[in-house]
1. Mind putting a number on the dipole of the chain about its Cα centre? Charges go on the C-beta only, +1 for Lys and Arg and -1 for Asp and Glu, and I need it in Debye to the nearest 20.
2. First check a/c for region 105-240, with a ≥ b ≥ c the square roots of the eigenvalues of its C-alpha gyration tensor; if it is under 1.5, answer rounded, and if not, answer prolate when a/b is larger than b/c or oblate otherwise.
3. Rounded to the nearest 5, what % of DSSP beta bridges with both residues in the chain are antiparallel?
4. Suppose each label sits 7 Å from its Cα in the direction of the beta carbon; what would the L361-M8 distance come out to in nanometres?
5. Given the whole protein assembly as supplied and a 1.4 Å probe, what does the accessible area of C167 come to in Å², nearest 10?
6. What does the charge count near E366 come to, summing +1 for each Lys or Arg and -1 for each Asp or Glu among other residues with Cβ under 15 Å from its Cβ?
7. Compute the accessible area per residue over region 272-417, keeping the other protein chains in place, probe 1.4 Å, unit Å².
8. Could you sort M145, M8 by their accessible area in this structure, using a 1.4 Å probe and putting the largest first?
Amino acid sequence: MIRAVKGMRDILPPATGIWNFAETTAYSVFRAYNYQEIRTPILEETALFARGVGAETDIVGKEMYTFEDRDGSSLTLRPEATASVMRAYIEHRLDQLPGVKKLYYIGPMFRRERQQKGRYRQFYQIGGEAIGSESPLVDAEVIEMSVEILTRCGLENFQLLINSVGCPNCRPAFVELLRQKLSELAPKMCVDCQRRAVTNPLRVLDCKVPDDQPIIETLPSILDHLDSACAEHFHTVRGVLDHRGIVYEVRPRLVRGLDYYMRTTFEITHSGLGSQNTVLAGGRYDGLAESIGSKVPAPGVGFSMGEDRLVMSVEGTLAQTAEALVIVTFTAGEATRNAALSAAGQLRQAGIRVEVSEGKLKKVFETANKLNARLAVICGENEVAAGTVSLKDLAKQEQWTAPSGELLEQVKKCLNK
């Protein structure tokens with residue numbers, strides 16, 4: 001028997017209904033903030049991620065699905081979308097359009113990493129990118145928008161963490177200080193941190209190994225080494241969040257696992273996900289465009305949300321509020337069949353979820369209970385002859401008859417109880 005590839009899985013009903021809800025909710029929030037959708041290819045040239053994400057990151061070094069195409073070129077299944085969005089922005093000269101370019105995406109990403117709760121090798125992200133502005137107000141708006149999506153999806157008790165990782169003017173001195181401190185401490189840390197201490201010391205702060213955390217807490221804070229411009233930028237971001245009533249915690253050692261981030265970084269965690277508790281993360285990436293070959297600066301800020309983890313966090317709540325199902329049933333015969341189809345069509349046009357079923361009522365009701373249907377509409381011979389329909393509230397086990405012309409009114413009244 002052929003099964004799904006390890007780390008990849010099928011998403012089946014009724015779970016897909018929750019996924020659709022999350023995506024529809026995200027669409028509505030993006031629209032409110034004037035974002036437009038962009039769809040980039042799943043395959044990109046490997047160099048895009050090696051140069052944009054960073055050759056020394058775990059993503060590029062260990063996790064990418066990379067292969068040689070028939071013409072000898074190296075291609076990679078996208079491990080994240082920001083680099084792809086920026087590549088499209090540069091290639092299609094979106095900088096020529098007026099204003100800040102606000103783009104969002106929803107789709108699958110691929111990383112070959114150890115499968116665990118909420119983490120898959122094919123996973124899905126919802127993300128937004130605002131390109132063309134260095135303003136800290138845009139940073140704050142992106143954070144506010146990401147919080148709004150989670151809130152509207154029904155996620156509760158999440159925690160927003162923010163930091164600044166400086167810029168190319170002030171960060172090098174901090175990195176050198178970090179390298180000096182790690183020359184003594186790295187031998188006591190995990191193998192990855194020992195390597196990062198040499199190749200990219202800032203990446204040590206992103207380590208998730210529990211035994212390394214006490215050592216990391218003793219390392220210098222980048223907030224003590226920001227230049228005046230970065231400090232003012234971060235101060236403004238915090239001021240806007242405070243004004244908007246958005247609760248956050250400053251985490252001085254919060255960095256992102258990708259090289260293109262600078263200044264504002266943030267993530268949102270949720271305790272219900274265990275050790276892999278990050279639902280959403282993002283930040284500013286003003287130097288990304290230049291790193292992938294653009295001669296024109298394209299400052300930007302964005303976020304990506306793990307849709308898999310979001311669904312896992314809210315599925316218990318949303319499963320209890322699933323959209324009601326109505327069963328329309330009829331007995332054998334052309335007249336009853338046509339009456340049932342007309343009733344079903346009327347209800348569907350009104351946006352009501354309907355299943356049409358033919359057969360004996362006892363069996364229809366058994367199926368309806370298994371489908372968690374709320375209401376049955378019965379179009380039998382007696383009902384058709386009298387110009388009526390029978391309705392049965394399957395939750396309360398109450399049945400009544402109404403004129404066919406009042407069908408929609410009666411159904412809505414029942415479903416809204």
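1. It works out to roughly 860 debye.
2. oblate
3. So the antiparallel bridges amount to about 80 percent of the total.
4. Rounded to a tenth, the inter-label distance reads 5.0 nm.
5. Near enough 10 Å² of accessible area.
6. +3
7. Spelled out: the 1.4 Å probe surface of region 272-417, per residue, equals 49 Å².
8. The ranking, largest first, comes out as M8, M145.
The values are calculated or read from the model by the stated rules, or taken from the named source; none is laboratory data. Not measured: the values here are computed from a predicted model. All Cβ positions, glycine included, derive from the backbone under ideal geometry; neighbour counts span all protein chains shown. Calculation scope for accessible area: heavy atoms of the full protein, side chains included, ligands and nucleic acids excluded. Shrake-Rupley method; radii C 1.70, N 1.55, O 1.52, S 1.80 Å.
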